[in-house]
1. Name the longest site-free stretch of the chain, where the excluded sites are GluC sites (Glu not before Pro) in a DSSP loop with no more than 16 other beta-carbon atoms within 10 Å.
2. Could you give the angle, 0 to 90 degrees to the nearest 10, between helix 155-167's Cα long axis and the longest principal axis of the Cα atoms of the chain?
3. For every helix of n ≥ 4 consecutive DSSP H residues, a contribution of -39,500 (n - 2.57) applies; sum these over the chain, divide by its total residues, and give [θ] at 222 nm rounded to the nearest 500 deg cm²/dmol.
4. Count the DSSP beta bridges whose two residues both fall in the chain, then state the antiparallel fraction as a percent rounded to the nearest 5.
5. Taking amide hydrogens as modeled 1.01 Å from N in the peptide plane, which residues meet the under 5 Å criterion relative to residue 218, leaving out close sequence neighbours?
6. Output ³J(HN,Hα) for the range 98-108: one whole-Hz value per residue in order, computed from phi by the Karplus curve 6.51 cos²θ - 1.76 cosθ + 1.60 with θ = phi - 60°, and x for Gly and Pro.
7. Residue 20: which aspartates and glutamates have alpha carbons under 12 Å from its alpha carbon, excluding same-chain residues fewer than 8 sequence positions away?
8. Rounded to the nearest 10 degrees, what's the angle between the helix 75-88 long axis and the longest principal axis of the chain, both from Cα atoms, 0 to 90?
Amino acid sequence: MEKSYLEYQKHIMFYQTFGKGDKTVFAFHGYGRDGNDFKILGPALGEDYRIVSFDLLYHGMSDSPAYPEEFDFKKEDLRDLISFYLSENNIERFSLLAYSLGGRISLQLIELFPDKIDTVFLFAPDGLHHSFGYNFSTKTSLGKFLFKRFIKSPYLAFLIMKLGKSTGLIKDSVYKFLIMQLDTKAKRQKVFDTHIFFRNIHPDLENVQHILNTKNIKLHLFFGKYDTIIPPRYGKEFMKGLNDKEALHILESGHHLIKESVNEVLKKLMKK
């Protein structure tokens with residue numbers, strides 16, 4: 001298994017490769033995870049693909065900036081990182097594999113490399129729903145100020161979340177997910193750093209749909225039937241703009257989709 005990294009302004013984005021196929025697939029994990037997640041899909045993908053699985057910045061073994069606000073990481077930077085890898089490894093075409101946060105990055109890559117992508121596997125992808133709260137907290141001065149305050153003094157926010165849960169405005173599963181991600185200062189700092197750094201990765205969904213409809217790119221879009229974090233309705237709404245009405249796959253699962261049982265689903269799809 002090869003391990004290496006790409007460099008962004010003296011910081012590194014670590015990646016590892018596994019699988020023995022002739023085709024290349026770039027894999028991007030979800031928030032709080034790392035590139036090891038995709039090893040479990042080796043039985044389905046490893047024969048056909050060489051999986052290049054990245055640790056996103058602020059995750060895994062990647063070396064990340066201490067102050068993400070000082071960096072203006074844009075889609076052009078993402079394009080340059082991937083272009084460098086393609087050039088260094090003499091790769092003409094590739095596919096994408098992503099989960100949750102990694103889905104937003106992959107949707108952006110569809111825009112950046114519309115003529116080089118063969119297949120896209122997206123599991124509960126972030127980026128299909130534009131959130132006012134996300135844009136406010138990462139792109140406005142007041143939002144970032146309040147976000148920073150939340151890192152040090154989360155009590156009011158936790159009280160609001162608890163009230164939301166008790167009144168039914170916040171589902172119990174969403175409340176548990178939020179608490180799990182935010183219950184320590186270190187976790188809250190990680191949320192801040194990650195979302196601030198990737199704030200400019202913002203795919204144009206209409207353009208992504210246009211590319212998928214006009215280029216020879218095969219999309220597989222997976223959602224968990226019981227997912228309350230990134231619910232299937234986001235995928236169903238996105239599907240309205242696609243010609244391929246068989247791209248959406250609803251699995252008997254919650255938000256956690258990268259697991260061994262998915263291998264059988266992928267094997268069946270790849271035989272078609």
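1. Details: sites that count: 47, 92, 246, 252, 260.
With GluC sites (Glu not before Pro) excluded where exposed in loops, the chain gives 93-245 as its longest stretch.
2. Helix 155-167 sits at roughly 80 degrees to that axis.
3. On the way: 11 runs with 115 residues, N = 272.
For the chain, the value works out to -12500 deg cm²/dmol.
4. Details: 12 of 36 bridges.
Restricted to the chain, the bridges split so that about 35 percent are antiparallel.
5. Correct list: 119, 120.
6. Per-residue couplings from phi come out as 8, 9, 6, 3, x, x, 5, 5, 5, 4, 5 Hz.
7. Straight-line reach from residue 20, under 12 Å: 2, 47, 48.
8. Relative to the chain, helix 75-88 is tipped by roughly 30 degrees.
The values are calculated or read from the model by the stated rules, or taken from the named source; none is laboratory data. None of these values were measured; they are calculated from a predicted model. Cβ: placed from backbone, ideal geometry, glycine included. Neighbour counts: every protein chain shown. Protein only, heavy atoms only, side chains kept; ligands, DNA and RNA dropped before computing areas. Shrake-Rupley method; radii C 1.70, N 1.55, O 1.52, S 1.80 Å.
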